[in-house]
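The values are calculated or read from the model by the stated rules, or taken from the named source; none is laboratory data. The model shown is predicted, which means the values in this text are computed figures rather than measured ones. All Cβ positions, even for glycine, are placed from backbone atoms using ideal geometry, and neighbour counts span all protein chains on display.
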Amino acid sequence: MHSAAVTAEGDHIRWVELPGRDPARVYVHGLGATSPAYFTATAVHPLLAGHRSLLVDLLGHGHSDRPTTFAYTLEDHADALAAALRTADVAGAELVAHSMGGSVAVVLAARHPELVSRLVLVDANLDPLPRVPGTSGSSGIAAYTEEEFVSGAWREVRDRVGAHWWSTMRLAGLEALHRSATHLVRGTIPTMRELLLTLPIPRAFLHPEADGTFPGSAELRASGVLLTAIPDCGHNIMLDNPEAFARAVSEALAPEAGPTGGSL
């Protein structure tokens, strides 16, 4: 376990690090998750093992500190992650980032381009979302006020998301969880999609085949994004179909990877 102070108050981001060769690979989890639980099997898979790998927990999540004074915007998350990577002497990293973590990774690449050489986004949020009371995930969490959520509505979310997601969501700070969800559904200006389209680095986007054609696929492909549909999985692709996921990540990170794509 490694750590770095990333705020003026001394709050720490923590990560599990596996030694290996450069470029480093940085794995970033989604809302209410933790990277060691979601990405360890991927990082040590025979197709991907051997690179220096950092399984990072974003501020407010997992093993990292949970400050209540932090705003938890996507920009704040990206800047805090950038501070951690600089402390770890990481530059030109290959990022593999899931869901909200993918949104953070896009913002990181736009704000701190020297830190990121490639992006592999895993069913990431690219657009603002509506707030939908009674649903799971960011839309449902953001439908509460922060006061409502912290004072007890988090229990409703716990009961909706189920035991698996709650096993890691319970590690997140309540303020961190609500603010992260709120800023995720609000998005960024320009949007995460607009930022992704203009990034001058190799980019890939993995999504569940069962969801059908990913919105805006033609525009993403035209900008050079490699789109790959993964069969037999839901949103947590790396957990639902780990072999297909490892193959897709390996192909996306191959030097010859280009803007074509398909199904595995």
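For this structure, a couple of remarks:
Conditions (1) surrounded by 20 or more Cβ atoms within 10 Å (Cβ to Cβ); (2) under 17 Å from the mean Cα position of the chain (by Cα); (3) modelled with pLDDT of 95 or more, marked per residue:
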{"site": "P130", "(1), (2), (3)": "no, no, no"}
{"site": "Y144", "(1), (2), (3)": "yes, no, yes"}
{"site": "R158", "(1), (2), (3)": "no, no, yes"}
{"site": "I189", "(1), (2), (3)": "no, no, yes"}
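- Verdict on L59 being of a type in the set (A, V, I, L, M), in contact (Cβ under 8 Å) with a residue 12 or more places away in the chain, surrounded by 16 or more Cβ atoms within 10 Å (Cβ to Cβ) and within 25 Å of T182 (Cβ to Cβ): yes
- Considering region 18-51, the residues that are assigned to a loop (DSSP other than H, G, I, E, B) and small (G, A, S) include one that is surrounded by the most Cβ atoms within 10 Å (Cβ to Cβ), namely G30.
- Qualifying residues in region 5-17 (those that are under 19 Å from the mean Cα position of the chain (by Cα) and in a strand (DSSP E or B)) - the one surrounded by the most Cβ atoms within 10 Å (Cβ to Cβ): I13
- Test for R66: is it in a strand (DSSP E or B) and at pLDDT 95 or above: no
- Region 74-119, residues that are of a type in the set (A, V, I, L, M, F, W, C) and not in a helix (DSSP H, G or I): A88, V90, A91, A93, L95, V96, A97, V116, L119
- Where a residue in region 198-217 is on the phi > 0 side of the Ramachandran plot and its partner, wherever it lies, is in a loop (DSSP other than H, G, I, E, B), with Cβ under 8 Å and at least six apart: G216/L126
- Residue match in region 149-170 (condition: of a type in the set (D, E, K, R), in contact (Cβ under 8 Å) with a residue 40 or more places away in the chain and more than 27 Å from R118 (Cα to Cα)): no
- G102 being out of contact with any His (no Cβ under 6 Å at 6 or more places or on another chain), of a type outside the set (V, I, T), within 16 Å of A181 (Cα to Cα) and surrounded by 24 or more Cβ atoms within 10 Å (Cβ to Cβ): yes
- Of everything listed in (1) in contact (Cβ under 8 Å) with a residue 12 or more places away in the chain; (2) at positive phi; (3) surrounded by fewer than 21 Cβ atoms within 10 Å (Cβ to Cβ), the single unmet condition for E75 is (2).
- D232 meets the conditions (1) at positive phi; (2) in a strand (DSSP E or B) in every case but one. The failed one is (2).
- Restricting L220, L184, L197, L177 to those that are crowded, with 21+ Cβ neighbours inside 10 Å, out of contact with any Lys or Arg (no Cβ under 6 Å at 6 or more places or on another chain) and more than 28 Å from G62 (Cβ to Cβ) reduces the list to L220.
- Selection from region 223-242 of residues that are surrounded by fewer than 20 Cβ atoms within 10 Å (Cβ to Cβ) and either without any contact (Cβ under 8 Å) to a residue 24 or more places away in the chain or not hydrophobic (A, V, I, L, M, F, W, C) (or both): S223, G224, P231, D232, G234, H235, N236, D240, P242
- In region 204-223, the count of residues that are among the β-branched types (V, I, T), part of a loop (DSSP other than H, G, I, E, B) and over 17 Å from the mean Cα position of the chain (by Cα) is one or more.
- Matching residues in region 122-141 - criterion: being more than 11 Å from G187 (Cα to Cα), in a loop (DSSP other than H, G, I, E, B) and in contact (Cβ under 8 Å) with a residue 12 or more places away in the chain: D123, A124, R131, G134, T135, S136
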